Amino acid sequence: MTNPKRINLAIAISVSLLAVITVLAVSKGAVEIDLLEMTGVDRDILFYVRIPRVLLAGLVGASLVLSGALFQYVMKNPLADSFTTGVSASSAMGAVVAIMLGFGAILPLFALAGGLTGLLAVYKISSVRGRVQPITMLLAGIVISTFASAVISLMKFLSDDAVSSIIFWLMGGFQSASMGKVMILAGVLLISFLVIRKDYLSLDIICFDDTTASSSGVNVARLRRKAFFIAALLTAFSVGYAGIIGFVGLVVPHVVRLLKYVKAAELIPLSLLFGALFMILNDLIARTVLSEGQELPVGIITSSIGGIFFLYLLIKRKKELFYFD
């Protein structure tokens with residue numbers, strides 16, 4: 001049974017933490033900004049660079065987390081997210097094709113096409129009689145990621161002029177953030193959340209098995225298609241705007257589950273807030289950890305954290321993390 005007071009308190013604490021980290025993130029960086037005594041240059045940096053970047057980081061974090069949570073629900077696999085299923089790599093392949101062809105304005109559409117193609121391939125390879133085999137899914141995800149990476153490498157080889165910018169973009173970052181991208185991704189995320197919000201109970205029921213879910217009135221095939229499309233859509237826009245940022249959708253939902261928020265009505269809203277918080281914090285570290293204004297691609301930090309957490313799940317906790325108590 002969901003405890004409204006407990007979940008409301010958790011959301012209130014998360015929102016407060018998010019507000020504090022957001023204020024810290026917009027004031028810290030290569031140029032320190034005193035929000036109470038800003039010069040003209042400080043205002044330009046704040047409104048045209050820092051705020052769009054922090055907002056985009058939060059939205060990408062929330063989008064990747066929602067995508068990962070949906071993959072874990074419908075695949076019944078605690079190790080599923082856009083990175084391990086190969087969707088991120090295949091979306092990146094679509095995005096690089098768009099760059100090579102000069103279609104940067106519609107890059108997210110190419111990323112979506114690539115992501116859906118990769119996801120469909122992984123699903124077909126790893127499913128037996130409609131049931132996804134976890135180990136086969138991981139192997140299929142590795143195969144698709146490897147194939148997509150090979151295609152990307154070939155395109156980088158054929159395009160010497162753009163190779164450095166493609167490599168930096170693939171490592172993930174928010175250097176090209178703008179309010180236009182913020183508005184578009186905010187709209188996509190809001191619509192996705194409102195659509196999936198109606199299926200909280202069905203997502204909880206599908207955790208057991210397809211037969212139980214079907215006998216309870218859940219249209220399993222329809223729910224699975226809807227969740228796959230939304231997860232691929234969110235991944236495509238995130239990859240299109242920020243490059244490949246791995247393991248966010250894997251780490252954050254499991255941290256929320258470890259806090260004993262396992263039902264969809266609790267897990268998804270809290271995961272969105274934690275995802276935004278996690279990504280803004282990682283971007284802040286990426287911008288400030290090196291001296292003299294240099295910055296690390298944020299994907300390096302999230303992949304380092306996620307890789308360790310992934311091993312932890314594989315070795316110790318994968319079963320108890322997914323199923324209800």
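Remarks
- About its Cα centre, the chain has a charge dipole of approximately 1300 debye under the convention of +1 per Lys or Arg Cβ and -1 per Asp or Glu Cβ, with nothing else charged.
- Span per principal axis, largest first, for the Cα atoms of region 193-325 (Å): 61, 33, 21
- Over 32 Å (Cα to Cα) - which of LYS28/LYS156; LYS181/LYS226; LYS5/LYS198; LYS181/LYS260; LYS5/LYS76; LYS5/LYS124 fall in this group: LYS28/LYS156; LYS181/LYS260; LYS5/LYS124
- In summary, the convex hull built on the alpha carbon positions of region 1-150 has an orientation-averaged projected area of 13.3 nm².
- Helical content alone sets the calculated 222 nm signal of the chain at -24000 deg cm²/dmol, taking -39,500 (n - 2.57) per DSSP H segment of four or more residues and averaging over every residue.
- Here the gap between PHE157 and TYR312, fully extended at 0.36 nm per residue and compared with their Cα-Cα distance, gives a gain of 52.2 nm.
- Placing unit charges on the Cβ atoms of the charged side chains and taking the dipole of region 226-296 about its Cα centre, the candidate lying farthest along the positive direction among LEU270, ASN282, PHE237 is LEU270.
- Applying 1/(1 + (r/R0)^6) with r as the Cβ-Cβ distance of ASP44 and GLN175 and R0 = 22 angstrom yields a FRET efficiency of 0.85.
- Kirkwood Rh (inverse of mean 1/r, distinct Cα pairs), region 18-87, angstrom: 14.2 Å
- Applying Stokes-Einstein at 20 °C and 1.002 mPa s to the Kirkwood radius of the chain, computed over alpha-carbon pairs, gives a translational diffusion coefficient of 107 µm² s⁻¹.
- The order of LYS198, LYS226 by accessible area, most exposed first and with a 1.4 Å probe, is LYS198, LYS226.
- Carbon and sulfur %, accessible surface of region 214-325 computed with the full protein complex present, 1.4 Å: 62 percent
- Taken per residue, the accessible surface of region 201-296 reaches 36 Å², heavy atoms only and a 1.4 Å probe.
- With protein chains left intact and a 1.4 Å probe, residues in region 38-151 average 39 Å² of accessible area per residue.
- Residues with amide H under 5 Å from that of SER127, placed H, sequence gap 5 or more: GLN133
- Area of ARG6 that stays accessible when all protein chains are in place (1.4 Å probe, Å², to 10): 90 Å²
The values are calculated or read from the model by the stated rules, or taken from the named source; none is laboratory data. As the structure is a computational prediction, the values presented were derived from the model and not from experiment. All Cβ positions, even for glycine, are placed from backbone atoms using ideal geometry, and neighbour counts span all protein chains on display. SASA here: full protein model, heavy atoms, side chains in, ligands and nucleic acids out. Shrake-Rupley method; radii C 1.70, N 1.55, O 1.52, S 1.80 Å.
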